[in-house]
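So the structure is just underneath, and the comments pick up after that.
The values are calculated or read from the model by the stated rules, or taken from the named source; none is laboratory data. The structure presented is a predicted model; accordingly, all values stated were derived computationally and were not measured. Neighbour counts are summed over all protein chains in view; Cβ atoms, including those assigned to glycine, are modelled from backbone coordinates with ideal geometry. Accessible surface is based on the protein model in full, side chains and every heavy atom, while ligands, DNA and RNA are left aside. Shrake-Rupley method; radii C 1.70, N 1.55, O 1.52, S 1.80 Å.
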Amino acid sequence: MTITRATVRVEDRVVVGGVPMRVVDVVRTLTGVRLDLEEGERLWLTARTRLTGFREPGD
């Protein structure tokens with residue numbers, strides 16, 4: 001599935017560099033969305049950012 005700043009949710013898994021990473025926090029701001037990832041990384045999504053990811057069934 002495609003993940004954008006409008007559709008991302010906690011527990012989604014985004015694929016970065018071929019590695020799935022779990023989103024543990026989503027912080028929405030005026031300029032974009034900050035994703036805090038389980039591995040300790042932070043990732044910013046802006047208006048045109050599109051990521052590949054997946055959501056566990058039933059979520």
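Condition check ((1) touching a strand residue (DSSP E or B) at 6+ places or on another chain (Cβ under 9 Å); (2) of a type in the set (Asp, Glu)) across all residues:
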position	(1), (2)
1	yes, no
5	yes, no
9	yes, no
14	yes, no
25	yes, yes
33	yes, no
37	yes, no
54	yes, no
57	no, no
Qualifying residues in the stretch 41-59 (those that are in a strand (DSSP E or B) and aliphatic (A, V, I, L, M)) - the one most open to solvent (accessible area, probe 1.4 Å): 43
Close pairs from the stretch 26-53: first of a type in the set (D, E, K, R), partner outside any strand (DSSP E or B) and surrounded by 13 or more Cβ atoms within 10 Å (Cβ to Cβ), Cβ under 7 Å, at least 6 apart: 50/4
Residues of the stretch 3-27 satisfying the condition of being within 10 Å of residue 45 (Cβ to Cβ) and part of a strand (DSSP E or B): 3, 14, 26
Index of the failed condition, residue 18 passing every other in (1) at positive phi; (2) open to solvent by 70 Å² or more (accessible area, probe 1.4 Å): (2)
Residues of the stretch 28-40 that turn out to be open to solvent by less than 50 Å² (accessible area, probe 1.4 Å) and part of a strand (DSSP E or B), as a count: 5
